[in-house]
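Trainee: I am attaching a structure below and will ask some questions about it afterwards.
What follows is calculated from the coordinates using simple rules that are stated; it is not laboratory data. No experiment lies behind these values; they were computed from the predicted model shown. Cβ sites come from the backbone with ideal geometry, for glycine too, and all protein chains shown count toward neighbours.
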Amino acid sequence: MAARFTSKTSPLVVETTEDLQTSLKRMKTEPSSQSLVPESESSAVSVPTSSEPHILHDAQCEEYQHDDIYMPLKAEVMEVMEIPVNPGQGSPNISDLKKDNMDDSYCQKSVGETVMLNNPAGSDQQQCIKSEKGMDQAKQENLTLPAENATGSKSGKPKINGVSLTELFTPDEVRQHIIGLRQWVGQSKAKVEKNQAMEHSMSENSCQLCAVEKLTFEPPPIYCTPCGARIKRNAMYYTIGAGDTRHYFCIPCYNEARGDNILVDGTVIPKARLEKKKNDEETEEWWVQCDKCEAWQHQICALFNGRRNDGGQAEYTCPNCYIDEVERGERMPLPQSAVLGAKDLPRTILSDHIEQRLFRRLRQERQERARVQGKSYDEVLGAESLVVRVVSSVDKRLDVKQRFLEIFQEENYTIEYPYKSKVVLLFQNIEGVEVCLFGMYVQEFGSECHQPNRRRIYLSYLDSVKYFRPEIRAVTGEALRTFVYHEILIGYLEYCKKRGFTSCYIWACPPLKGEDYILYCHPEIQKTPKSDKLREWYLSMLRKAAKEGIVVELTNLYDHFFVSTGECKAKVTAARLPYFDGDYWPGAAEDMIYQLRQEEDGRKQHKKGTTKKTITKRALKASGQSDLSGNASKDLLLMHKLGETICPMKEDFIMVHLQHACTHCCILMVSGNRWVCNQCKNFQLCDKCYETEQKLEERERHPINHRDRHMLYQVEINDVPQDTKDKDEILESEFFDTRQAFLSLCQGNHYQYDTLRRAKHSSMMVLYHLHNPTAPAFVTTCYICHLDIETGQGWRCEICPDYDVCNSCYEKDEGIDHPHKLTNHPSMADCDAQNKEARQLRVSELRKMLDLLVHASQCRSPHCQYPNCRKVKGLFRHGIQCKTRASGGCVLCRKMWYLLQLHARACKESECHVPRCRDLKEHLRRLQQQSDSRRRAAVMEMMRQRAAEVAGNAG
């Protein structure tokens, strides 16, 4: 099986058929070989796909400069390169780079010959390729029967099950898949007609499945490092570095930096080192050749998984040949268990709760629809083959921004909020492939968290693509897909209420045109909703939840915290505002505090002490402020400015109360009693406010300024758990750790959702990554001889940390010199077994490596008892001396750089000793900050447009 790569301007491309015989098939595209050659050698083969700017390493810590350029490496190294190591980054990623079939030093003729290309890096690449052929060929992921992983075939190539997902299909399902490909679902009507017209002019250069020849990917967005603005298509820009050290500069920022240097994050970069480029590069879809008929197809059309391609030598049978073989009785479709899918992902209490509720409500809806239409249950269409899974559930920490913290330093305001980040996905089996249709990121701040975040949840991001089946209306009149997505959200809120959470916060903010939240590259037929439509979508869902008693009250951020009306006696202060990661107001507050300081400094300089106080004592007291200090004044001024900004769009900041709020202090009540007035709607007091109320004079009690007194009735609160402890286990996924990390994975590997055919392939690859977490970054070292132990070739002590021996040393004394029992290392096939134990093993191995990294960075002993400690220290030294570096393909530098980034994502130590940790954390912080800034800027732009529309209508 041959699978190759083409890039628009690459010197490696043999795409021009005028210059070649028709028998010399074009050099077909492969996902990542745009990264085969360092940019310094060939800028044309590296597509600038970075969605966020990067750190530029200073000279002092230069040892871990790197990029994401792919080079064929040993098996244990290649597992390191499986995920995007630059969250928020869309540069050419290593996440799905093929470890075996990336030898761009040749292209395959239809007769099987190899033609050498004029590739300056070819000799090195071939050398790496030769070294790979000695790898353990049993290393194949997603196979349930390791013994059958690589059987022989007529072509002489190893027969690896599941290299294409079509191997699980029946002939009729394959035919249905091909028909579906040619419908071009997701594209505009004009593009559909254009592509379908190509069926009548198919040639040997056309894909034998979709009938179209050249298809190009959507270019991922590029953002200017200094200003964060998106660099427009076909615009000029400057760049330096590669991968995670790559920076981009728009022309205005470049010109603004006068002189010969430009400053980025405190690092001076000579302008002479910057490369000027045009944002017009494009990448063609990858191809694969059938080993039977030698026809070529797009990998996406063939549902081909290059990650299963053993050294580029796995036998691939195209769907057409596969149909013939099955119908002749020469083979059988593989069982569904041969390739793990969405159902095989770990189940959690949360996913089960949402899924069970969803299925129950879908049955009820279908029954009601059948009744209304006068048909039987089976005669009406229903949603089928749905799977809900939690794919990430990890503990995180949100640091409070410094300027905001300074205002409340005297009030013991917490410096951080611990929370749990979760990712929920919905899959549906469409034409034999489980497609990811819906995803959401949520933040859960539990009972152990400080106020004002205690027991609150934040719906951070939500995204979907319009491929849900069937495309019909529910009995309620809404689209059935809307019914399903609403039920997922209601199920989540119901689950959170049962766990003891008190409120949910939703910012109804649609993405900017061309931007994506979770799923990369949406279909043309799917319109981005405006804020009012999106808000109504959420409110419609919440009204359903309120009917079920899950939601007890709906309000908004402004009405709840910024105004003190009626009998509310709560203090108006920014310290009461829930503080969430990526939310609108924390970032806006930092900008406003900075502006206030600038204005104050300006007044001091110009008026020299005659400055008028911005907030009077009367205003402070009216807002409930008893503190008359300068910080209280700043607090009230900040609330005033925030209120002015939020008020025009206050309905977009939705506050959802899952428990009842005290009318006086606004605290959400979780224990004791609530004292309810039966005559006044929504008037209730907590125990503390009720006691205070009883001490007041008669005329000051509820209702104020009324002659009649209302009785308050006691209602015991006994249905809220004492804590919000999560009974689900931690689920770690590098790919879904943040939405930027997942976007990076998708952008770097062109996992697009703009058409159904691409959504199928992208979802297949996402599931592959989820079932195959990154393997350990190091090979293990023998405790006795200090040589590396290949996977499956050693013995381990389960009691002593870091005690591993190779087979040779074990055979010499059979572990007699060690007091504990030694167990055999799992083989590569065993490591790749698709089960819970295998996943847990991989995660534990990775944690062990990260712990070792921290230990080695602190260890000062020249004779540390752990051999791997010495090895890591050696890598630290190597990083300082290495001239090749990760950017040049250095295996050791790549190993260390990958681990450093994984460590930085999880590290909570402010004074961490691990190299580059502080810089990487600052880099991640800046990526998040720029993403949040773009989101806020989008909101302000929408507000300006809305104001202009109102003014235009009024005129």
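Trainee: Select from the range 666-707 those GluC sites (Glu not before Pro) which occupy a DSSP coil region and have at most 14 other Cβ atoms within 10 Å, ordered by residue number. Before the final figure, lay out each step's value.
Mentor: Values: sites: E691, E693, E697, E698, E700; in loops: E697.
Listed in order of number, the matching sites are E697.
Trainee: How about the range 331-375: which trypsin sites (Lys or Arg not before Pro) there are in a DSSP loop, with at most 16 other Cβ atoms within 10 Å of their Cβ? Kindly include the intermediate steps, with their values, before the conclusion.
Mentor: Details: sites: R331, K343, R347, R357, R360, R361, R363, R366, R369, R371, K375; in loops: R331, R347, K375.
Here the sparse-neighbourhood loop sites are R331, R347, K375.
Trainee: Work out how much length Y713 to R597 would gain on full extension: take 0.36 nm times their residue separation and subtract the Cα-Cα distance, in nm to one decimal.
Mentor: Working: separation 116, 0.36 × 116 = 41.76 nm, distance 4.94 nm.
Going from the current span to full extension adds 36.8 nm.
Trainee: Using a basic spin-label model with each label point 7 Å from the Cα along Cα→Cβ, how many nm lie between E911 and K396?
Mentor: Taking the simple label geometry, E911 and K396 are separated by 2.8 nm.
Trainee: So what's the projected area for the range 347-657, the Cα convex hull averaged over all directions, in nm²?
Mentor: On the way: hull surface 77.4 nm².
Projected over every direction and averaged, the Cα hull of the range 347-657 covers 19.3 nm².
Trainee: Can you run phi through the Karplus equation (6.51, -1.76, 1.60; θ = phi - 60°) for the range 250-258 and list ³J(HN,Hα) in whole Hz, with x for Gly and Pro?
Mentor: Taking θ as phi minus 60°, the curve returns 6, 4, x, 5, 5, 6, 5, 7, 6 Hz for the range 250-258.
Trainee: Right, here's the next one. So how do M896, M541 line up by other beta-carbon neighbours within 10 Å, fewest first?
Mentor: M541, M896
Trainee: Would you mind ranking H640, H660 by Cβ crowding within 10 Å, fewest neighbours first?
Mentor: On the way: H640 17, H660 20.
Ascending Cβ contact count within 10 Å gives the list H640, H660.
Trainee: Collect residues whose amide H, placed 1.01 Å from N in the peptide plane, falls under 5 Å from the amide H of G794; neighbours closer than 5 in sequence don't count.
Mentor: H825
Trainee: At R0 = 35 Å, how high is the FRET efficiency between V563 and K498 if r is their beta carbon distance? Nearest 0.05 is fine. Can you show the working numbers first?
Mentor: On the way: r = 32 Å, r/R0 = 0.91.
Between V563 and K498 the formula returns 0.65.
Trainee: So if R0 is 60 Å, what FRET efficiency would K375 and E644 give, r being the distance between their Cβ atoms, rounded to the nearest 0.05? Walk me through the intermediate numbers first.
Mentor: Details: r = 56 Å, r/R0 = 0.93.
E between K375 and E644, to the nearest 0.05, is 0.60.
Trainee: R0 = 45 Å: FRET efficiency of A272 with E416, Cβ-based, nearest 0.05? All intermediate terms of the calculation are to be shown ahead of the outcome.
Mentor: On the way: r = 43 Å, r/R0 = 0.95.
In this case the efficiency is close to 0.60.
Trainee: Can you put H298, H903 in order of Cβ neighbours within 10 angstrom, beginning with the fewest? Please report the intermediate quantities before stating the final value.
Mentor: On the way: H298 27, H903 22.
Listed from fewest to most nearby Cβ atoms, that is H903, H298.
Trainee: Once amide H atoms are placed 1.01 Å from N in the peptide plane, what residues at a sequence separation of 5 or more from L822, or on another chain, have their amide H within under 5 Å of its amide H?
Mentor: Close amide H contacts, sequence-distant or interchain: none at all.
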